[in-house]
Amino acid sequence: MLVNLKDVFAGGAPVDIDYTLDLSQLEVPGGTFPFAEAVRVLGRIENHAGVVTLEAEAQTMLHVICDRCLSPFKRNLHIPFQNILTDQQLDKENDHILVCMGQVLDMDLLVTTNLVLALPMKELCRPDCKGICPRCGKDLNSGPCNCKPEGHPAFLKLKELLEDEQ
């Protein structure tokens, strides 16, 4: 969604933002497509004494896979963000000041960038997820597996040497 900001920069009425964004085809690092549901974007762009500000939020339901137990699950994602908007190129780099070339703001690009940057590096179905057994692949959250514990892999060779001596 492109937002024309000419009136706002001239001191005109604020612009209210309320729309949905389809990011279902957006592949994120790790090869997943977590944005299966539409992203709702709400916000307002206002001119306060010559300073144009954007206050917005994006909210959606993520469809992800737990990095420990590989179970699919859903979780809410709510990202608020604020920026100062300008139509002039500034010398300093500042993540909160956005230059709107031609007094037009690309909301889709801004929302997509904020959402991807807010994704966690590791998705867990719950904080105490036990993962899967490395031998049989059973989900350890549903109970222990029947695998015989072998001990720490670093000591397996020592165990073989002790068995050879007997």
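Is it true that residue 139 is of a type in the set (Asp, Glu), surrounded by 12 or more Cβ atoms within 10 Å (Cβ to Cβ) and outside the structural domain of residue 60 (by TED's automatic domain parsing)? Working first, answer last.
Numbers: of a type in the set (Asp, Glu): yes; surrounded by 12 or more Cβ atoms within 10 Å (Cβ to Cβ): yes; outside the structural domain of residue 60 (by TED's automatic domain parsing): yes.
Taking the combined requirement at face value, the residue satisfies it.
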| said: What's the total number of residues in region 11-35 that are touching a Ser or Thr at 6+ places or on another chain (Cβ under 7 Å) and surrounded by fewer than 15 Cβ atoms within 10 Å (Cβ to Cβ)? | reply: 1
| Are there any strands (runs of 3 or more DSSP E) wholly within region 5-88 with 3 or more residues that are assigned by TED's automatic domain parsing to the domain that holds residue 121 and touching a Pro at 6+ places or on another chain (Cβ under 9 Å), and if so which? | 39-48, 51-65
| request: Would you be able to say whether some residue in region 69-77 is exposed (fewer than 15 other Cβ atoms within 10 Å of the Cβ) and within 23 Å of residue 107 (Cβ to Cβ)? | output: yes
| said: For region 30-59, which positions are at pLDDT below 95 and within 16 Å of residue 117 (Cα to Cα)? | reply: 30, 31, 32, 33, 34, 35
| said: Criterion first (of a type outside the set (A, V, I, L, M), at negative phi, assigned to a loop (DSSP other than H, G, I, E, B) and not assigned by TED's automatic domain parsing to the domain that holds residue 19) does residue 148 satisfy it? | reply: yes
| message | Given the criterion closer than 30 Å to residue 145 by Cβ and either touching a residue at least 12 places away in the same chain (Cβ under 8 Å) or touching a strand residue (DSSP E or B) at 6+ places or on another chain (Cβ under 9 Å) (or both), identify the matching residue among 72, 80. | response | 72
| Which one of 67, 108 is of a type in the set (Asp, Glu) and farther than 30 Å from residue 129 by Cβ? | 108
| Which number in (1) of a type outside the set (S, T, N, Q); (2) surrounded by 10 or more Cβ atoms within 10 Å (Cβ to Cβ); (3) outside the structural domain of residue 58 (by TED's automatic domain parsing); (4) at pLDDT 80 or above marks the one condition that residue 155 misses? | (4)
| said: If I filter region 38-52 for residues that are more than 15 Å from the chain's Cα centre (by Cα), closer than 21 Å to residue 86 by Cα and of a type in the set (D, E, K, R), do I get at least one hit? | reply: yes
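The values are calculated or read from the model by the stated rules, or taken from the named source; none is laboratory data. All values reported here derive from a predicted model rather than from experimental measurement. Quick reminder, even Gly has a Cβ in these numbers, built from the backbone with ideal geometry, and neighbours come from all protein chains shown.
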